[in-house]
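Working notes, structure below.
Please treat every number below as a calculation from the coordinates, not as lab data. Not measured: the values here are computed from a predicted model. A quick note on method: Cβ atoms are made from the backbone with ideal geometry, for glycine too, and the neighbour counts reach across all protein chains shown.
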Amino acid sequence: MIQGIFPVVKAGTQNDNCFEITFKAPDMAKEAKVGQFVHILCDGKTLRRPISICRIDKAEGTLRIVFEKRGEGTAWLSKCKEGDELDILGPLGNGFPLCDTNKNVLVVGGGIGVPPLLGIADFAADGCDAVLGFRDRDHLCLIDDFKSVAGNVFVMTDDGSFGEKGFVTERVRALVSEKAYDAVYACGPSPMLKAVSALAAEKGIDCYISLEERMGCGIGACLVCACKIKTADGEKYLHVCKDGPVFKASEVIW
Amino acid sequence: MADMKVKIAGVEFSNPIITASGTYGFGKEYSNFFSLSELGGISCKGITLEERQGNPPPRIAETPSGILNSVGLQNPGVDYFIEHDLPWLKTQDTVIIANIAGRTMEDYCTVAKKLDATNVDMIELNISCPNVKAGGVAFGVTPQGVEEITTAVRAATKKPLIVKLTPNTADISQTAKAAENAGADAVSLINTLTGMKIDINTRRPVLRNNTGGLSGAAVLPVAVRMVWQAANAVKIPVIGMGGICRWQDAVELMLAGACALQIGTANFTDAYTPIKVRDGLEKYLDDNGYASVGDIVGKVEVWE
């Protein structure tokens, strides 16, 4: 866990509302695991913005983030250019527990929940199938990145303007019936996570989901990012920043 | 080099910078950034007699130059704190302050008695948590309430006792005096100001608790005014807090009458804030020829 100032080595756009930044932070990259996040200070804001790590390049010492412009903080961040410097705290949280590379895994992403899953596709490569859902063709992100590493990539849009029309859950239902997956990893809106968790549970597949909650310190001290989890001691409010963001789907209380 | 040491109720602090309750957990997370011995002290997360799960999320909202929170005193309970957190904290070579809250006077006294039997350095009485009925705010808003709860807890412990005052009151000088009269060794202020933020698209309050406590830079001028009023009303030490982000803010609060300071929300923005504030304060003292940090306490020259 490091807090420091790091240079942006690449900045770009995925779509009108979705941006990406690669920054150089060798020590952070060395420590980082798939599914962790970084906490970025945005000009003039009291709270840092938590953004999941999309790709870790340990050799280059860089981390890539892909994020949506949601408010003033991320609007400022979206204007960052190569050569700018960012105040970043990370890597934070627990990553996805990864299976052996030769196993079959399914990643399911919805909208801005897609980026943190790319690291799993990098890891599992051909053993990974990906179902990626977006509102429409104007909101796509990372399709080519997933196609270059994952085995099969299924793209769904709500309005059918790109890929298949429909929700990711329809495709996931078909896939888990056809193929014996060893694990499912998902990130996206709560209704999607809930539905995917239920489908995985029906088939007895291990499922890990990455949650989101309004966050403060990012390191487990302030206790604001609460999520209700089944523990050995009963239902407890654990914290997305320190105990998550990745949780075992069967332990999450919706 | 100015002398940064501060003494409150016989407890010596290496410097006046204390991290504020509710923002710093039990210190462990922040020890990743620097040795906690760099701090004057740590005021721990508020603890209650029994474990509490806190309020449902969302518990935080960003507001202009600040935040609203409604954590609702999530904590593992005093017994767990004494067994699991306090022993480690006591090895950190900094002053450890236990912040306590409760629903009833009896709860407060039981928690205070349990802590009395430990090596914790001080107790801070939280009678100003705005987010839960169990947070004791009912005691904190009137001088009578403050006097009643302080008297009871004073009788339950010999530990140095700090009473943390709420700004959500008619006259801070009266609640400060009430704490002093009832035997408090110091007062700390301000706790958060009750606030609300509404999402204009959903027409729902952002916080699941509807309202929460406002902190951060936005509250600094309120803190400066209230510390000044309290310091003029009592003889016991005043620990100032509310919106400190920079060393300049710390100097302001000390000139207003604070002899030590607590830093909370700014830790979220920059984990190194306490160190930066401490060093900036020391440089200010040196640059202006003060021999000791105590030399600026209450030295505001108000207009006649």
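Some notes on this structure:
- Short-range pairs are left out: with C-alpha atoms under 8 Å and at least six residues apart, the relative contact order of chain B is 19 percent.
- Rounded to whole numbers, the Karplus 3J(HN,Hα) couplings from phi for segment A:117-134 are 7, 4, x, 6, 5, 4, 6, 8, 6, 4, x, 10, 9, 10, 10, 10, x, 9 Hz, using 6.51 cos²θ - 1.76 cosθ + 1.60 with θ = phi - 60°, and x at Gly and Pro.
- In nm, spacing of pseudo-spin labels at A:ILE5 and B:TRP303 (7 Å Cα→C-beta vector): 3.8
- Only Lys, Arg (+1) and Asp, Glu (-1) charged, at Cβ; segment A:212-254 dipole about Cα centre in debye: 20
- Rounded to the nearest 20, the size of the Cβ-charge dipole of the protein assembly as shown about its Cα centre is 820 debye, with Lys and Arg at +1 and Asp and Glu at -1.
- Sites A:GLU164 and B:LYS28, calculated FRET efficiency, Cβ-Cβ separation with R0 51 Å, nearest 0.05: 0.60
- Note on A:ALA180 and A:ARG137: with the Förster distance fixed at 30 Å, the Cβ-Cβ geometry gives a FRET efficiency of about 0.40.
- Here the Karplus relation 6.51 cos²θ - 1.76 cosθ + 1.60, evaluated at θ = phi - 60°, turns the backbone of segment A:236-253 into coupling constants of 9, 7, 9, 10, 4, 5, 9, 7, x, x, 8, 10, 5, 4, 5, 9, 7, 9 Hz, with x for every Gly and Pro.
- Around A:GLU82: net Lys/Arg minus Asp/Glu count, Cβ-Cβ under 14 Å: +2
- Extreme residue, positive dipole direction of chain A, given options A:SER197, A:THR22, A:LEU132 (C-beta unit charges): A:SER197
- Two-decimal Rg/Rh across the protein assembly as shown, once Rg and the Kirkwood Rh are taken from alpha-carbon atoms: 1.02
- Euclidean distance between Cα centres, segment A:151-220 to segment B:80-99, Å: 43
- Centroid-to-centroid, using Cα positions, segment B:254-302 and segment B:223-245 are 13 Å apart.
- If only the Cβ of Lys and Arg carry +1 and only the Cβ of Asp and Glu carry -1, the dipole of segment B:244-304 around its Cα centre is close to 220 debye.
- Per-peptide packing, taken as the mean over residues of other Cβ atoms within 10 Å, places B:239-246, B:284-291 in the sequence B:239-246, B:284-291 from highest down.
- Full extension of the chain between B:ASN201 and B:GLU106 gives 29.8 nm of extra length, using 0.36 nm per residue less the Cα-Cα distance.
- Each pair of Cα atoms in segment A:1-139 enters the Kirkwood radius, and Stokes-Einstein at 25 °C and 0.890 mPa s then converts it into a translational diffusion coefficient of 159 µm²/s.
- In sequence order, segment A:87-95 has phi-based couplings of 8, 10, 10, x, x, 10, x, 9, x Hz under the Karplus curve 6.51 cos²θ - 1.76 cosθ + 1.60, θ = phi - 60°, and Gly or Pro positions carry x.
- Normalised alpha carbon radius of gyration of chain B [divisor 2.2 N^0.38 Å]: 0.93
- Residue-normalised convex hull volume from the C-alpha trace of segment B:203-304: 135 Å³ per residue.
- B:SER35-B:ASN232 pseudo-label distance in nm [points 7 Å out on the Cα-to-Cβ vector]: 4.2
- Relative contact order of chain A, taken over Cα pairs closer than 8 Å and 6 or more residues apart, is 17 percent.
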